[in-house]
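Undergrad: One structure follows; several queries about it will come next.
The values are calculated or read from the model by the stated rules, or taken from the named source; none is laboratory data. Model, not experiment: these values are computed from the prediction. We place every Cβ from the backbone using ideal geometry, glycine too, and count neighbours over all the protein chains shown.
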Amino acid sequence: NSCCVSTRDWSISSKKRATTLSSISTRTFSVSYRKFVDFALDETTSHTHLFSSPLQEKYNSLEPKDGKGEISMLSFEAAEIRLLRSLIIETETMQVLDFTVFPRAEYDVPIFCANFFTTARTNIVVLDLNPLHDVINQRHYKEKYFKSLIPLGLKYAELFPWGGKLTSESIKFFSPIVIWTKFNSSPEKYEILYSAFKDYYKVWLELVSKSDKETDESQISRNLEAQHRYLVWRAEKDPGQSVLKKLIGETLAKDLLRGFLFNGVDVLGSKTFNDYFPHYCSKDGDLNNKGSIIGKSFENRPWDERGEFLGNIF
Ligand code: BLA
């Protein structure tokens with residue numbers, strides 16, 4: 001039986017987990033992102049039928065090279081969802097959640113995106129409903145999905161101040177309600193982040209539930225290309241890459257990125273990074289390895305309280 005949440009298996013042994021967590025809690029309170037994923041899976045199950053993904057067999061748990069800690073992976077699919085996958089890293093020094101849900105191309109709803117990187121001192125957080133299409137120039141598209149969500153975004157924009165400059169291209173993948181923030185670790189912030197995660201996930205599920213299945217082939221291929229472009233961007237530029245390489249080595253990290261985290265990057269389309277992001281192409285045609293050619297920008301939140309984009313469109 002491939003269904004579903006009842007088969008959820010946090011594969012780390014409870015003894016090992018207790019040891020990891022107690023050593024963390026002597027220095028700080030213990031953060032775990034497992035309850036975030038548990039919430040999301042339970043909530044999804046109340047809206048749709050989740051099936052275990054074929055990826056689950058290969059990608060379930062990994063041990064960091066130094067043997068300290070655990071990397072756990074879960075993946076599912078549903079009628080509207082091509083891939084729901086989560087990666088949790090728990091070591092003595094960091095807790096990471098990378099939780100993303102990719103709708104099928106028949107649905108033009110946003111991609112749910114939660115990326116939390118936590119150490120004893122600091123947190124780097126992106127939580128968003130990443131729009132599939134342009135919400136800077138296409139007013140109609142922005143209003144369709146985000147107009148009613150602006151108050152929710154404003155509530156959390158106050159609680160989580162803008163995290164400062166970021167890779168310029170990333171802003172085009174973000175919505176007007178994006179939570180991009182950095183903060184010092186504390187139990188209070190962790191609980192607020194949990195509330196934000198729950199609120200954002202609930203509204204995302206509502207969008208999916210209300211969305212009509214697209215039948216127009218050209219619209220479906222537009223959605224598919226947008227999904228592929230997103231995967232190509234993240235598989236190439238995700239800032240988590242260097243951490244993953246250090247933890248499990250270059251080969252496994254690459255496989256995890258292309259085969260699991262951004263699964264579909266090698267099959268959903270044939271365009272390359274250079275096709276989608278031609279400004280990265282250096283004179284001799286090589287892919288530029290720098291984080292960004294344009295550089296980092298957006299010192300302050302570039303969306304106003306009505307959800308209007310304030311930055312320069314590049
Ligand atoms: C930093 N992660 C960042 C930054 C962003 C993101 C914007 C700031 C640095 C930058 O602007 O590049 C996240 N960027 C995103 C997301 C999208 C995007 C979600 O374009 C989606 C479109 N982060 C993780 C994982 C790890 C991680 C899995 O998601 C670790 C395994 C770590 N993120 C991490 C670290 C930094 C970071 C260590 C700081 C280092 C840096 O700035 O490069």
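Undergrad: From the set of residues in region 124-170 that are closer than 20 Å to PHE183 by Cβ, of a type in the set (A, V, I, L, M) and within 14 Å of the ligand (Cβ to nearest atom), which is surrounded by the fewest Cβ atoms within 10 Å (Cβ to Cβ)?
TA: Of region 124-170, the ones closer than 20 Å to PHE183 by Cβ are 124-128, 152-167, 170.
Still in the list and also of a type in the set (A, V, I, L, M): 124-127, 152, 154, 157, 159, 166.
Still in the list and also within 14 Å of the ligand (Cβ to nearest atom): 124-127, 166.
On the way: ILE124: 17, VAL125: 21, VAL126: 21, LEU127: 24, LEU166: 19.
For region 124-170, the residue satisfying everything is ILE124.
Undergrad: Give the residue, chosen from SER72, SER86, that is among the small types (Gly, Ala, Ser), at pLDDT 95 or above, farther than 19 Å from VAL208 by Cβ and buried (at least 20 other Cβ atoms within 10 Å of the Cβ). Please lay out each step first, then the result.
TA: Working: SER86 fails: farther than 19 Å from VAL208 by Cβ.
The unique qualifying residue is SER72.
Undergrad: Which one of these is among the acidic types (Asp, Glu), modelled with pLDDT under 95 and surrounded by fewer than 20 Cβ atoms within 10 Å (Cβ to Cβ): GLU92, GLU106? If you could, list the steps in order and put the result at the bottom.
TA: Values: GLU106 fails: modelled with pLDDT under 95.
Result: GLU92 is the single residue among GLU92, GLU106 that is among the acidic types (Asp, Glu), modelled with pLDDT under 95 and surrounded by fewer than 20 Cβ atoms within 10 Å (Cβ to Cβ).
Undergrad: Does at least one position in region 173-183 carry a residue that is surrounded by fewer than 16 Cβ atoms within 10 Å (Cβ to Cβ) and in a helix (DSSP H, G or I)?
TA: Residues of region 173-183 surrounded by fewer than 16 Cβ atoms within 10 Å (Cβ to Cβ): 182.
Pick out the ones that are also in a helix (DSSP H, G or I) and you get none.
No, every residue in region 173-183 fails to be surrounded by fewer than 16 Cβ atoms within 10 Å (Cβ to Cβ) and in a helix (DSSP H, G or I).
Undergrad: Any idea which of (1) within 27 Å of LEU166 (Cα to Cα); (2) touching a Leu at 6+ places or on another chain (Cβ under 8 Å) is the one SER185 doesn't satisfy?
TA: Unmet condition: (2).
Undergrad: Pairs please, first residue from region 225-249 and free of Cβ contacts under 8 Å to residues at least 12 places away in the same chain, second anywhere and in a helix (DSSP H, G or I) and crowded, with 19+ Cβ neighbours inside 10 Å, Cβ atoms under 8 Å, 6+ apart in sequence or on different chains.
TA: Listed pairs, sorted by first residue: LYS245/ALA253.
Undergrad: Considering every residue within region 109-116, establish whether at least one is β-branched (Val, Ile, Thr), in contact with a helix residue (DSSP H, G or I) (Cβ under 8 Å, 6 or more places away or on another chain) and buried (at least 19 other Cβ atoms within 10 Å of the Cβ). Reasoning before the result, please.
TA: So in region 109-116, the residues β-branched (Val, Ile, Thr) come out as 109, 111.
When the remaining residues are screened for being in contact with a helix residue (DSSP H, G or I) (Cβ under 8 Å, 6 or more places away or on another chain), the result is 109, 111.
When the remaining residues are screened for being buried (at least 19 other Cβ atoms within 10 Å of the Cβ), the result is 109, 111.
Scanning region 109-116 turns up at least one residue that is β-branched (Val, Ile, Thr), in contact with a helix residue (DSSP H, G or I) (Cβ under 8 Å, 6 or more places away or on another chain) and buried (at least 19 other Cβ atoms within 10 Å of the Cβ).
Undergrad: Further, regarding this structure: Can you pull out the residues in region 208-230 that are farther than 15 Å from GLU106 by Cα and more than 10 Å from the ligand (Cβ to nearest atom)?
TA: Step one: filter region 208-230 for residues farther than 15 Å from GLU106 by Cα, giving 229-230.
Matches in region 208-230: ARG229 only.
Undergrad: Here's a follow-up. Does LYS58 fit the bill of being of a type in the set (Lys, Arg) and more than 16 Å from the ligand (Cβ to nearest atom)?
TA: Values: of a type in the set (Lys, Arg): yes; more than 16 Å from the ligand (Cβ to nearest atom): yes.
Considered against the rule, which asks whether it is of a type in the set (Lys, Arg) and more than 16 Å from the ligand (Cβ to nearest atom), LYS58 comes out as yes.
Undergrad: Select from region 231-241 the residues that are near the ligand (Cβ under 7 Å from one of its atoms) and at pLDDT 95 or above and write down the one among them that is nearest to VAL96 (Cα to Cα).
TA: Narrowing region 231-241 to residues near the ligand (Cβ under 7 Å from one of its atoms): 233-234, 237-240.
Cutting the leftovers down to at pLDDT 95 or above gives us 233-234.
Values: TRP233: 20, ARG234: 16 Å.
The residue in question is ARG234.
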